[in-house]
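The values are calculated or read from the model by the stated rules, or taken from the named source; none is laboratory data. Note that the structure is a prediction, hence the values are computed from the model and not measured. Backbone-built Cβ (ideal geometry, glycine too); neighbour counts: all protein chains shown. Remember, those area values only see protein heavy atoms, side chains included, never the ligands or the DNA or RNA. Shrake-Rupley method; radii C 1.70, N 1.55, O 1.52, S 1.80 Å.
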Amino acid sequence: MSEELHEQVRRTVADVFALDAQSVSDATSPETTPAWDSIGHLNLILAVEQQFGVSFDPHQIPKLTSIEALADAIAAGRG
């Protein structure tokens, strides 16, 4: 997975949750981000799908709770 994709996912997470992009890291998750609740998660998934031109399987969505998981799913969806 490219570092550029990883960085784009970090910026998207920062935008959706109104965070400073510098504060978003691989450790950013629902457990560390108060705004990343169930509604926030759906907003993030919609933003990622729109920005990256991918569509996630509904069964996959609950597992996309980290920068790495999102980046991996995007890369697989583009494949």
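The set of residues from the range 4-29 being open to solvent by 40 Å² or more (accessible area, probe 1.4 Å) and under 15 Å from Glu68 (Cα atoms) comprises Glu4, Glu7, Gln8, Arg11, Ser25, Asp26, Ala27.
All of Val13, Val54, Val24 fail the test of being touching a Leu at 6+ places or on another chain (Cβ under 8 Å), touching a residue at least 24 places away in the same chain (Cβ under 8 Å) and not basic (Lys, Arg), apart from Val13. Within the range 43-79, can you find the residues that are within 10 Å of the chain's Cα centre (by Cα) and open to solvent by 90 Å² or more (accessible area, probe 1.4 Å)? Correct list: Leu46, Glu68.
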